1. If R₀ is 30 angstrom, what is the calculated FRET efficiency for the pair residue 70 and residue 50, using the beta carbon separation as r and rounding to 0.05?
2. Could you list 72, 77 in order of exposure, starting from the residue whose Cβ has the fewest other Cβ atoms within 10 Å?
3. Could you give me the ³J(HN,Hα) list for the range 95-104, computed from phi with Karplus coefficients 6.51, -1.76, 1.60 and θ = phi - 60°, whole Hz, x at Gly and Pro?
4. Where is the GNM fluctuation largest for the chain (alpha-carbon springs, 10 angstrom cutoff): 19, 37, 78?
5. The list [x] 20.3, 65; [y] 14.2, 41; [z] 39.0, 129 gives values of Rg and Dmax of the Cα atoms in Å, and only one came from this structure; which label was calculated from it?
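Please treat every number below as a calculation from the coordinates, not as lab data. This structure is a prediction, so every number in the text was calculated from the model and none was measured. Because the Cβ atoms are built from the backbone with ideal geometry, glycine has one as well, and the counts that use them run over all protein chains shown.
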Amino acid sequence: MTVHEGFQPSEIANAPTLLKCVWGVSLFLIFGLQFRLWAGEGSYAQVWNLQQQIEQQKTLNQRLAERNSKLDAEVIDLKNGRKAIEEKARNELGMVKKGETFILVIED
């Protein structure tokens with residue numbers, strides 16, 4: 001009587017080879033999935049890089065929003081008052097009223 005009646009001795013001899021194949025396929029799958037996790041699309045490195053880009057964009061957006069608020073306030077001021085237009089003309093264009101004398105002071 002054999003050890004197992006349904007098995008032939010050649011099948012028992014091939015069992016270690018089959019076990020090696022199963023281990024090999026398992027390791028291949030594990031390493032393949034790990035590669036995608038660490039280096040492929042959607043990897044930790046890519047996610048970290050995208051988070052850094054998002055933070056940079058948020059900072060830029062905040063600076064631009066502050067600049068836009070200042071420009072909006074300036075536009076409203078220019079629309080509402082003659083003094084603002086006069087101030088802008090004096091400061092940026094160097095304009096003077098009739099009878100005024102313009103004196104430019106140069107600091108060393």
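1. Values: r = 31 Å, r/R0 = 1.03.
After rounding to 0.05, the efficiency reads 0.45.
2. Values: 72 10, 77 14.
Fewest-to-most ranking of 72, 77: 72, 77.
3. Whole-Hz 3J(HN,Hα) from phi for the range 95-104: 7, 10, 7, 5, x, 8, 10, 8, 10, 9.
4. 19
5. The value matching this structure is [z].
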